[in-house]
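Participant: A single structure is presented below for examination.
The values are calculated or read from the model by the stated rules, or taken from the named source; none is laboratory data. Being a predicted model, the structure only gives us computed values, none of them experimental. Ideal geometry is used to build each Cβ from the backbone, glycine not excepted, and the neighbour counts take in all protein chains shown. Accessible surface is based on the protein model in full, side chains and every heavy atom, while ligands, DNA and RNA are left aside. Shrake-Rupley method; radii C 1.70, N 1.55, O 1.52, S 1.80 Å.
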Amino acid sequence: MSTITSDIPKIYEDAADFMPIKGTDYVEIYVSNAKQAAHYYKSAFGFQSLAFAGLETGVKDRESFVLVQDKIRLVLTAPLKANTTIGKHVDLHGDGVKVVALWVDDAVNAFEEAVKRGAKPYMEPQVEEDENGKVVRSGIYTYGETVHIFVERNDYNGIFLPGFKAWNPTYEANPVGLKYIDHMVGNVELGEMNKWVEFYEKVMGFTQILSFDDKDISTEYTALMSKVMSNGNGRIKFPINEPADGMKKSQVEEYLDFYGSAGVQHIAVATDDIVSTVKQLQSRGVEFLKVPTTYYDVLEERVGKIDEDIDSLRELGILVDRDDEGYLLQIFTRPVQSRPTMFFEIIQRKGATSFGKGNFKALFEAIEREQELRGTL
Ligand code: FE2
């Protein structure tokens, strides 16, 4: 019944690396109120203040706050007046990820290679300079209105990007141990998954490393299909979901309805100590999906011996799954904005390179209970 195809080592041979990517550079979320969103990500998720752009730096139409936690950089951007592209984005989608920026050595080459292979341009390569050096950026569209911006910053020593100044407010929250982005998932419309899989293969040189079908990921009511794309060095992983036929509305359809198009469904962030991270997040008000505590009664039977204390996992609602290479611990937040769209995953990998397939059923049932409460199932 399972159609899992895992050939992770092959990616190093297969991925045609005409577009070497060194990592995720930043993620920019368009929001209606950047000041308040920044405070939420600081106080609740433990991000630190890094940089700012807005009226005080000569930017007239928008305000951006840049936050950092270890290798993760989040940019929260809101419009400062009516009828801006950012405002229209927020009107259509609610708060949501606009930019998944990728760190490259050559932003001109990345743009030219991508466009030559069929990418729709978003931003022609441009050089941005200040007293700290220069950055070259370019951009292409991916699913929905989401874009990838290529960032070349080898000759830059500034705090973030030219045009931004250091942001040193009096309030800072303690970090909670979030280290880097493990993967970012896109939800696309019914029948569109393979188109976007092909986009990442052809345009970006990625390789498919996993696939799940509706037999892997289904409950009594809903189903989805997913394929996981990875770049050559494995630092960038983009699972792509599409809804599958179910008796009721799937979580992917609910997302598409409220987001108004394809878009980023969740950002998975890695920690080295998920019990400590999740304890802190919960004490600061971050809300998580909870599975029934019966999940833990058969946990050891399912995944074998693990280092963590099962009572702590049960108390916090942390899930565990095992694959051939090890195990992983994960937990999912509830949506982090008013619309039931984007959420976060906290993940700790102990050898496992997969995405928690063994948890899908328990998890989806938890999501459906919440959909039922929203009346959107
Ligand atoms: Fe995930």
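Participant: Could you list all residues from the stretch 247-259 that are open to solvent by 40 Å² or more (accessible area, probe 1.4 Å) and at pLDDT below 95?
Facilitator: 247, 248, 249, 253
Participant: Something else now. Residue 324 is checked against (1) in contact with an Asp or Glu (Cβ under 9 Å, 6 or more places away or on another chain); (2) modelled with pLDDT of 90 or more; (3) surrounded by fewer than 15 Cβ atoms within 10 Å (Cβ to Cβ) and fails just one. What number does that condition carry?
Facilitator: For residue 324, the exception is condition (1).
Participant: Can you tell me how many residues in the stretch 338-360 are more than 15 Å from the ligand (Cβ to nearest atom) and surrounded by fewer than 19 Cβ atoms within 10 Å (Cβ to Cβ)?
Facilitator: Of the residues in the stretch 338-360, 4 are more than 15 Å from the ligand (Cβ to nearest atom) and surrounded by fewer than 19 Cβ atoms within 10 Å (Cβ to Cβ).
Participant: Among the residues of the stretch 168-192, how many are more than 24 Å from residue 277 (Cβ to Cβ) and in a loop (DSSP other than H, G, I, E, B)? Give the steps one after another, and end with the answer.
Facilitator: Start the filter on the stretch 168-192 by keeping residues that are more than 24 Å from residue 277 (Cβ to Cβ), which leaves 168, 170, 186-192.
If we keep only those that are in a loop (DSSP other than H, G, I, E, B) as well, we get 168, 170, 188-192.
Counting residues in the stretch 168-192 that are more than 24 Å from residue 277 (Cβ to Cβ) and in a loop (DSSP other than H, G, I, E, B) gives 7.
Participant: Could you tell me how many of the residues in the stretch 238-272 are within 16 Å of the ligand (Cβ to nearest atom), farther than 20 Å from residue 141 by Cβ and either part of a strand (DSSP E or B) or not assigned by TED's automatic domain parsing to the domain that holds residue 363 (or both)?
Facilitator: Number of matching residues: 5.
Participant: Of all residues in the stretch 327-337 being within 15 Å of the chain's Cα centre (by Cα) and more than 11 Å from the ligand (Cβ to nearest atom), which is surrounded by the fewest Cβ atoms within 10 Å (Cβ to Cβ)?
Facilitator: Looking at the filtered set, the residue picked out is 334.
Participant: How many residues are outside any strand (DSSP E or B), closer than 30 Å to residue 188 by Cα and more than 20 Å from the chain's Cα centre (by Cα) if we restrict to the stretch 121-143? Please lay out each step first, then the result.
Facilitator: First, pick out the residues of the stretch 121-143 that are outside any strand (DSSP E or B): 131-132, 142-143.
From the residues that got through so far, the ones that are closer than 30 Å to residue 188 by Cα too are 142-143.
From the residues that got through so far, the ones that are more than 20 Å from the chain's Cα centre (by Cα) too are none.
The qualifying residues number 0.
Participant: Right, something else. Out of the residues in the stretch 104-120 that are touching a Pro at 6+ places or on another chain (Cβ under 7 Å) and in a helix (DSSP H, G or I), which is surrounded by the most Cβ atoms within 10 Å (Cβ to Cβ)?
Facilitator: 111
Participant: Right, something else. If I ask for residues that are within 16 Å of the ligand (Cβ to nearest atom) and either open to solvent by less than 50 Å² (accessible area, probe 1.4 Å) or among the polar types (S, T, N, Q) (or both), which ones from the stretch 175-202 would you list? Outline the logic, then answer.
Facilitator: Filtering the stretch 175-202 down to residues within 16 Å of the ligand (Cβ to nearest atom) leaves 178-188, 193.
Matches in the stretch 175-202: 178, 181, 182, 183, 184, 185, 186, 187, 188, 193.
Participant: What are the residue pairs meeting all of these: first residue in the stretch 310-327, first residue assigned by TED's automatic domain parsing to the domain that holds residue 349, second residue surrounded by fewer than 14 Cβ atoms within 10 Å (Cβ to Cβ) and β-branched (Val, Ile, Thr), Cβ atoms under 9 Å, and 6 or more apart or on different chains?
Facilitator: Sorted first by the residue in the stretch 310-327, then by its partner, the pairs are 314/293; 317/293.
Participant: For residue 363, which of the numbered conditions (1) among the hydrophobic types (A, V, I, L, M, F, W, C); (2) away from the ligand (no atom under 15 Å from the Cβ); (3) part of a helix (DSSP H, G or I) fails to hold?
Facilitator: Status for residue 363: all satisfied but (2).
Participant: Could you list, in sequence order, all residues of the stretch 179-211 that are under 17 Å from the mean Cα position of the chain (by Cα) and polar (S, T, N, Q)?
Facilitator: 187
Participant: Yes or no: residue 132 open to solvent by 50 Å² or more (accessible area, probe 1.4 Å) and either more than 16 Å from the ligand (Cβ to nearest atom) or closer than 30 Å to residue 18 by Cβ (or both)?
Facilitator: Values: open to solvent by 50 Å² or more (accessible area, probe 1.4 Å): yes; either more than 16 Å from the ligand (Cβ to nearest atom) or closer than 30 Å to residue 18 by Cβ (or both): yes.
In short, yes.
Participant: Quick check: is even one residue across the stretch 19-38 in contact with a Gly (Cβ under 6 Å, 6 or more places away or on another chain), at pLDDT below 95 and open to solvent by less than 80 Å² (accessible area, probe 1.4 Å)? Step through it out loud before you land on a result.
Facilitator: Start the filter on the stretch 19-38 by keeping residues that are in contact with a Gly (Cβ under 6 Å, 6 or more places away or on another chain), which leaves 19.
Keeping just the survivors that are at pLDDT below 95 gives 19.
Then drop every residue that is not open to solvent by less than 80 Å² (accessible area, probe 1.4 Å), which leaves 19.
Yes, there is a match, as at least one residue in the stretch 19-38 is in contact with a Gly (Cβ under 6 Å, 6 or more places away or on another chain), at pLDDT below 95 and open to solvent by less than 80 Å² (accessible area, probe 1.4 Å).
Participant: Next question. Enumerate the pairs (first residue in the stretch 120-144 and closer than 15 Å to residue 104 by Cβ; second residue anywhere and of a type in the set (A, V, I, L, M) and surrounded by fewer than 15 Cβ atoms within 10 Å (Cβ to Cβ)) with beta-carbon separation below 8 Å, excluding pairs fewer than 6 apart on the same chain, so at least 6 apart or on different chains.
Facilitator: Close Cβ pairs satisfying both conditions: 134/127; 135/127; 136/127.
Participant: If we keep just the residues of the stretch 278-321 that are within 16 Å of the ligand (Cβ to nearest atom) and open to solvent by 10 Å² or more (accessible area, probe 1.4 Å), which is farthest from residue 268 (Cα to Cα)?
Facilitator: So the first thing to find is which residues in the stretch 278-321 are within 16 Å of the ligand (Cβ to nearest atom), and the list is 278, 288-289, 291, 317-321.
So of that shortlist, the ones also open to solvent by 10 Å² or more (accessible area, probe 1.4 Å) come out as 288-289, 291, 321.
Details: 288: 13, 289: 14, 291: 18, 321: 15 Å.
Within the stretch 278-321, the match that is farthest from residue 268 (Cα to Cα) is 291.
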